[in-house]
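The values are calculated or read from the model by the stated rules, or taken from the named source; none is laboratory data. In this text, all values refer to a predicted model and were calculated from it rather than measured experimentally. Glycine also receives a Cβ, built like all others from the backbone with ideal geometry; neighbour counts cover every protein chain displayed.
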Amino acid sequence: MPELPEVERAARALSRAALGKTIASVKAIHPALKRKLSPARSRAVKGKRIDRIERRGKHQLLHLDNGDTLVVHFRMNGDWEIGTTDDGLDRFARAAIDLTDGTRVSLVDRRALSSITLDRKGASSLPKLGREASDLALDADYLAQVLGRRKVAIKPALMDQSVIAGLGNIYAAEALWEAELDPRAPSASLAKEKLEKLVAAIRLVLSPKKRRPGRYTDTRGTSRFAVYDREGKICRRCNGTIERIVQAGRSTYFCPDCQRP
Ligand SMILES: [Zn+2]
C-alpha cells in the first residue's frame, strides 16, 4: 500500500516525466476508472499544460494551466509506468496520460482500485485532510488538539487522513513501535511527552535515511520494518515476540513487551 514516502517518490517520477508538458490525451482504460473520468472530462484536458504537480496526503494533484486539476490516488497497488506513446500498453495499465512530446505515463494497477478524476477550476473532490505527516508543523500540540476529541485507539487515529495525511497501515505501526507506544492506547489519553516521542517517531520512519531500498520489501531480503508483517518474529529492541491484532478491520503488528500505553 503506497503511503507518503511511496506516493512522494511517484509524484517526483511523474514530475520528471510530465512537468511543463502538454497533454495530448488522458484515457481511462478500465471500466472502474472510466466511471471516475468521463469521456467529456477526458476531452477537457486535451491540450492543457501540466503546470504543477503536488502530493497531498496520498493524493497526487496535477494542476493544469486552465485551473483544472487531475487528482490521482493509487489506493492499494497503483503506480506510474513511464514510457513512450510508441510502446504497447502494460496489461495492467488502467489509464494513460499521453503527452505531446511522445511521453506516456501509465497508471498501472493489478487490482484496478486506483482512481483518476478531474476537478474543474475552483472545485475540489479531496476529502478533509489533516496536517502532512512530513510537515514540521505536525507537532505535539497539533496532535493533542486533533487526538483529544477522538474516542478511538491511537493506531486507527494515526491512519485517519483527517488527523494526519499520508500515514497508512505500515508507517503507523512502525511509528508506534519507534515511540514505544501500545497501538491500543486511547488517543485522547496520551500525555504531551508521549506525543512528542510519537512526532519524532513519525519523522524517523518517514525519513529517507532510515528507510531501506525497495517499495514494500527490502531488496536485500531482510525486512525493512521493525514490526509490520513480522508476526511471531523477535522484537529488535527487547527480544519480545511481535503480535498481530486487528483494529478497525486492519492488521496491527506490535511488540506487547516494549510498547506501552
Ligand atoms: Zn519489544
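If you check LEU167, LEU143, LEU99 for being touching a residue at least 24 places away in the same chain (Cβ under 8 Å), over 21 Å from the mean Cα position of the chain (by Cα) and crowded, with 19+ Cβ neighbours inside 10 Å, only one passes: LEU99.
Which of the residues belonging to segment 248-261 are at negative phi and either aliphatic (A, V, I, L, M) or near the ligand (Cβ under 9 Å from one of its atoms) (or both)?
Here is the first cut: in segment 248-261, the ones at negative phi are 250-261.
Within segment 248-261, PHE254, CYS255, PRO256, ASP257, CYS258, GLN259 meet the criteria.
With a cut-off of at least 1 residues that are aromatic (Phe, Trp, Tyr) and closer than 30 Å to ILE164 by Cα, name the strands (runs of 3 or more DSSP E) lying wholly within segment 26-133.
Details: elements: 50-56, 59-64, 69-73, 79-84, 93-99, 103-108, 115-119.
In segment 26-133, the matching strands (runs of 3 or more DSSP E) lie at 79-84.
Output the number of residues of segment 224-247 satisfying the condition of being more than 11 Å from the ligand (Cβ to nearest atom), on the phi > 0 side of the Ramachandran plot and in contact with an Asp or Glu (Cβ under 9 Å, 6 or more places away or on another chain). Number of matching residues: 1.
Being over 11 Å from LYS155 (Cβ atoms) and modelled with pLDDT of 95 or more is the filter; apply it to segment 250-261 and report the residue that is surrounded by the most Cβ atoms within 10 Å (Cβ to Cβ). Spell out the reasoning first.
Going through segment 250-261, the residues over 11 Å from LYS155 (Cβ atoms) turn out to be 255-258, 260-261.
When the remaining residues are screened for being modelled with pLDDT of 95 or more, the result is 255-258, 260.
On the way: CYS255: 25, PRO256: 15, ASP257: 14, CYS258: 16, ARG260: 11.
For segment 250-261, the residue satisfying everything is CYS255.
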